[in-house]
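*Asks:* Sharing a structure, written as structure tokens. Questions coming.
Derivation of every value follows stated rules applied to the coordinates shown; laboratory data play no part. On a predicted model such as this, the values are computed, not experimentally measured, just so you know. So basically every Cβ, Gly included, is an ideal-geometry build from the backbone, and we count neighbours across all protein chains shown.
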Amino acid sequence: MKKHLQKVIDASEGAEIIVSDDCSSDGSVDYLTESFPGVTVVENKKRQGFAGNVNAGVAHARGDIVVLLNTDVEPEKRFLPPILSHFKDGNVFAVGCLEKSHENGKVILRGRGIARWEKGYYIHSRGEVNRTDTAWVSGGSGAFRKSMWDTLGGMDTIYNPFYWEDIDLSYRGRKAGWKILFEPKSVVHHYHEEGKIKSEFSQDDVKRIVYRNQFIFIWKNLTDKTQYLLHLVYTPLQLIQAFLRKDNGMFTGYWLALQQLIILMRRKKEQYLLNVKLDKELDILK
């Protein structure tokens with residue numbers, strides 16, 4: 001916050017600023033209160049994870065357009081007008097920023113995603129930044145319409161502590177028939193190497209969580225019968241391959257996801273009432 005928060009304030013153009021604190025123990029709340037009295041601080045008394053912490057902050061926002069920025073993200077000045085302009089269209093749910101991602105001494109342009117269903121799995125990756133469509137908007141640098149956010153129930157905390165929650169939220173919004181866009185003129189800098197995940201979780205922890213949340217996403221959102229059948233066929237093969245390469249993270253993630261199956265079926269039924277598009281209509285390939 002010492003490095004980035006003032007830049008957020010400088011670029012906010014007078015907007016309300018909220019910092020949601022996920023039960024920190026490093027004096028962050030006292031620092032904010034003393035150094036930034038104009039910033040609203042939401043204190044979680046119990047650790048919520050990424051989705052729960054973001055939901056807590058959004059719940060306190062008074063405006064209908066909420067811009068999410070991770071603590072390791074620094075916006076450029078005048079990044080707000082381009083993304084906000086899209087919300088003149090009442091069917092726009094979210095708009096993503098162009099991330100200048102600082103990784104291993106290089107700057108990689110991120111922020112736009114492509115994705116497709118293949119053999120019952122949702123394959124997603126970074127897309128080129130010369131188009132305005134996107135498969136998802138990042139929860140670390142994007143703008144969301146709060147009324148639609150509330151209709152969807154916000155980010156699903158079943159993904160806690162992190163990963164896949166913004167892909168899930170965007171997918172549910174797109175399946176409900178709302179627009180998800182990418183705005184390359186809204187630029188932020190993302191310093192991944194300074195983030196909390198790498199400092200608090202091992203690579204094995206992250207791998208296990210990513211696998212678990214991948215299965216959760218599929219079982220929660222996929223309604224296409226053909227793709228579901230393919231998932232049932234290829235998952236045992238995936239598990240066998242994981243066994244051969246000694247990938248224990250996939251087995252553990254699969255087992256952890258299975259334990260959430262009843263909850264996932266209930267979530268799926270709730271979302272089904274909002275769906276107006278089919279899974280096969282949501283692929284973005286380039």
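*Asks:* Per DSSP H run of at least 4 residues, take -39500 (n - 2.57); add these up for the chain, divide by its residues and hand me the 222 nm value, nearest 500 deg cm²/dmol. Show your work: numbers first, answer last.
*Replies:* Values: 11 runs with 117 residues, N = 286.
Rounded to the nearest 500, the figure is -12500 deg cm²/dmol.
*Asks:* Right, something else. In degrees from 0 to 90, rounded to the nearest 10, what is the angle of the helix 49-59 Cα long axis to the longest principal axis of the chain?
*Replies:* 50 degrees
*Asks:* Using the crude model of +1 on Lys and Arg Cβ and -1 on Asp and Glu Cβ, and no other charge, please compute the dipole size for segment 28-83 relative to its Cα centre, in debye to 20.
*Replies:* In total the dipole reaches around 200 debye.
*Asks:* With contacts defined as alpha carbon pairs under 8 Å and 6 or more residues apart, what's the relative contact order of segment 63-286 in percent?
*Replies:* Computed value for segment 63-286: 28 percent relative contact order.
*Asks:* Have a look at VAL67, LEU274, GLY139 and report the one farthest towards the positive end of the charge dipole of segment 63-286, computed about the Cα centre with Cβ charges (Lys/Arg +1, Asp/Glu -1).
*Replies:* LEU274
*Asks:* Per residue of segment 116-129, what does 6.51 cos²θ - 1.76 cosθ + 1.60 with θ = phi - 60° give for ³J(HN,Hα)? Whole Hz please, x for Gly and Pro, Karplus curve as stated.
*Replies:* My calculation for segment 116-129 gives 7, 8, 9, 6, x, 10, 8, 8, 10, 7, 6, x, 5, 9 Hz in order.
*Asks:* Return the FRET efficiency for the residue pair HIS60, SER85: r is the Cβ-Cβ distance, R0 is 35 Å, and the value is rounded to the nearest 0.05.
*Replies:* After rounding to 0.05, the efficiency reads 0.90.
*Asks:* Please list, in order along segment 175-189, the HN-Hα scalar couplings obtained from phi with the Karplus expression 6.51 cos²θ - 1.76 cosθ + 1.60 (θ = phi - 60°), rounded to whole Hz, x for Gly and Pro.
*Replies:* These are the phi-based 3J(HN,Hα) values: 5, 7, x, 8, 8, 10, 10, 10, 10, x, 7, 9, 10, 10, 9 Hz.
*Asks:* Can you classify segment 63-286 as rounded, prolate or oblate using the Cα gyration tensor, where a ≥ b ≥ c are the square roots of its eigenvalues, rounded means a/c under 1.5, and otherwise it's prolate if a/b beats b/c and oblate if not?
*Replies:* Because a/c hits 1.5 or more and a/b fails to exceed b/c, segment 63-286 counts as oblate.
*Asks:* Which of HIS189, VAL233, ILE216 sits closest to the plus end of the dipole of segment 63-286, meaning its Cα is farthest towards the positive end, when Lys and Arg get +1 and Asp and Glu get -1 on the C-beta?
*Replies:* Toward the positive end, the furthest listed residue is VAL233.
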